[in-house]
Each structure stands twice: as C-alpha cells, then as structure tokens.
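Accompanying notes for the structure given below.
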Amino acid sequence: MTKRIGRARVALAATAAVSLTLVGCASNDATAPGTSSGDGTTTVLSGQPDTNGDGKVVIGVLSPGDINDNGYYESFVVGAEAFAKEKGWEIIKRGSVPPTEALNAARALCQQGVDMVALGASELKDAIPASEEPACAKTAWYVPSSENIPQTPRVVLASDDPNQSMLAAGYAAGLLMKEQNATKAGFVTGNEVDFAINAAKAFKAGIRMVVPEGDLTITYTGDFDDSAKAREAVQAQVSAGVKVIYPYLGGATDAAAKLANSRNVLTLTPGTDRCDSTDPRFDISVIFDPGAYFEAALTQFADGELELGTKKTWQLGVDPYPTVKICGDKPELDKQMETFAADVASGKIDTNAEVTRLGS
C-alpha cells in the first residue's frame, strides 16, 4: 500500500463511490500536465488514443493484488473500466501478478496490441524495461510512482506523498479521539515493509498533533488479505483498550472494520470514500484513490494530450486527492480538517518534519 501509489496499497473504495468521484476529477487541475522528466524529454505518441492504429483502443492493466478485493486494487480497475465503457474502449486486466512475472506479463500485453500498459501499483516496476522494447514501441505506459521509480522517457508517473495523507488521517483520528477523551489507537496492516512502517509513523504523528499523549499499537499480520489474521489483530487491540483502529489492509479491510464496528471502535478507510457504507461502517475516509489518479491520465490520453516522460504529483490541499473526510455531520471538525489541508498546502505545516518530530 507505496501499496498505494507507490505503496500497492491498501484496500480502497466501493465501486459506486469511485465512479462518482472520478466524474469531478476529470475537469479540474488534476488533469493538468505534470512535471517533465529530468532531462526535459517528453513525447506525445501519435494517434492517441489509438496509438497502434488498429482501429480500436485497448487498455491493458496489470495488478499485483486481487482486483476483486473491494479495495485499493479493485478501485484502480473500476476507474479504468468506467472510463473505457464511456469511451467504447476495451480493457484487458490481470490481477495477482507476482513481481517476478511483471516483465513477461507486460510483454504479453504489448503482443496483444494494447495502446496503453497500466501498472496497478509500483510493486510491478520490473515491467518498465518492456516499455523500451520493440513490441511496446507504440504503447503508452502509466505507472503509480514511489521514490524508487526513476522517470523514463516512455512512462507517465503518478505520485503522492504518503506522509501528507497519513498525517492527515492521524489528525482526523485525533479529533475524534479528543471528543471521546481517548488516548489509545490501533494500526493493523500486513507485511512489515517500509511503506506500512512509514504510514504508521505518519498516522501516529497526526494523532499526537491533536492528542499529545496519544499512543498507537501497531500489528503486522504478515498478510494484507488474510481476514482471519486481521480479525485476530483487531480483537487483540480492542482487548487492549484502543478506541480507533486503522485497518491499513487490502482484501482483509472489511473483515477488520466489521469487527471494529461490533466493538464500537472507530475505523478509517485505506484509500477511498466509503462514508456512505453501512456494512462495514467507517468514521473517516482517507482518500488516495488510484482510480482517480489513473482516470486523469486516461482523460489526457483520450484527448491526445498524454505526454510520456512526465510525472504528476498529487498534493493535499491543492488537488482533489489525496484528502481526508470525517464521515457524518461534523461541521466544526470539517473546518479543522480544511484548515489542516490548507496549512499543508501553504507549507505552514511541514508534514515530513511533523512525522519526524511526533512519529517515533
């Protein structure tokens, strides 16, 4: 969850929520051209979106996770399918692609005549060298980016700063904890990898911006999709007295959230807007929707304006996403979150400094 854009992230949103949010995204600054590659080289493939000139537009999507997880991985595909259906395009999709098979899977898509190869998460970065091979010469590439993915001439990167969204998530959780005079929060995730470790630190720092004595219990289950392990972790944290749990998971998100609901523990989403969900319920939507990011690139592709060799960095308080939404009617808390986002955008709040100061 950099499974999330460079995190392959975490579980994301309900299909309806994704479809609705994408409509608003296409017409704003999120679709503006990003920053060019380091050497200034950019390319607009001729014939966009039918770059190979075969009379049809085909988008190939590869994902390292379950594309039916009702979460992060599925949201990426849902966004593409909704856009493709509107345009009359075809989608070829493959989920649960091991990183070791990424390169060959990408080559196979190019051989099937796709006009674009889109990677659902940066775990599949080993596929990128195929973009320079003859079979992919007339193919555009879209890759969710993290810091370990260099800009290349034939790839469009989309990036965000996990510290921004995770600090904001913690800040929102802290506001709700303060209302309840609570000091204990929990973070349940999968493997103990850098992106999960760093997300937990930023979440903890955000809580402590509001509740200085706040404490965070972190559980690594070893699997983002194992519901049994997630429920076991949630139960242990509830028994320890936590009042808010962040299920920073993939396919196991809903199982974890439902158990938290049954124990009257507050929950957050790992990626999309699910404030309207009733089973499970969520108290905070942490929105870094990969489908929305991807749809912005597809909009440019449809208009013949997608520049390869560029990077779009999405920023809290500047772009529609990432953002954090407190569910329900809480106007005073909403105002505080708006101020927080504006302060991040202006630089008044230095997210990296806050994570360093309060996240350990």
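Annotation: average projected area of segment 127-268 is 9.6 square nanometres, based on the convex hull of Cα atoms across all directions. Listed peptides 216-225, 81-90 appear in the order 216-225, 81-90 once ranked by packing, highest mean of other Cβ atoms within 10 Å at the front. The peptide list 299-305, 346-352, put in order of mean Cβ contacts within 10 Å with the highest first, becomes 299-305, 346-352. Excluding residues on the same chain fewer than 8 positions from LYS178, give the lysines whose Cα lies under 16 Å from its Cα. LYS178 reaches LYS204, LYS243, LYS330, LYS335.
Each Lys or Arg adds one and each Asp or Glu takes one away; over the other residues whose Cβ falls under 9 Å from the Cβ of THR221, this sums to -2. Annotation: amide H-H contacts under 5 Å for ILE92 (H modelled 1.01 Å from N, sequence separation of 5 or more, or interchain): ILE59, GLY60, VAL61.
In the chain, the alpha-carbon atoms span a convex hull of 119 Å³ per residue. Calculated translational diffusion coefficient of segment 68-180 (10 °C, 1.306 mPa s; Stokes-Einstein with Kirkwood radius over alpha-carbon pairs) equals 100 µm²/s. For segment 251-350, the spread of Cα coordinates along the three principal axes comes to 50, 34, 22 Å, biggest extent given first. Taking the centroid of alpha carbons for each part, segment 207-262 and segment 294-360 are 24 Å apart.
For the chain, the fraction of 1.4 Å probe accessible surface lying on carbon and sulfur atoms is 47 percent. Its convex hull of Cα atoms gives segment 215-303 a direction-averaged projected area, equal to a quarter of the hull surface, of 6.7 nm². Listed by chain and number, the aspartates and glutamates whose alpha-carbon sits under 19 Å from that of LYS93, ignoring those within fewer than 8 places in the same chain, are ASP50, ASP66, ASP69, GLU74, GLU81, GLU101, ASP115, GLU123, ASP126, ASP289, GLU295.
Solvent-accessible surface of the chain, averaged per residue with a 1.4 angstrom probe and all protein chains in place: 39 square angstrom.
The values are calculated or read from the model by the stated rules, or taken from the named source; none is laboratory data. Note that the structure is a prediction, hence the values are computed from the model and not measured. Using ideal geometry, Cβ is built from the backbone for each residue, glycine included, and neighbour counts are taken over all protein chains shown. The accessibility values were calculated without ligands, DNA or RNA, using every heavy atom of the protein model including side chains. Shrake-Rupley method; radii C 1.70, N 1.55, O 1.52, S 1.80 Å.
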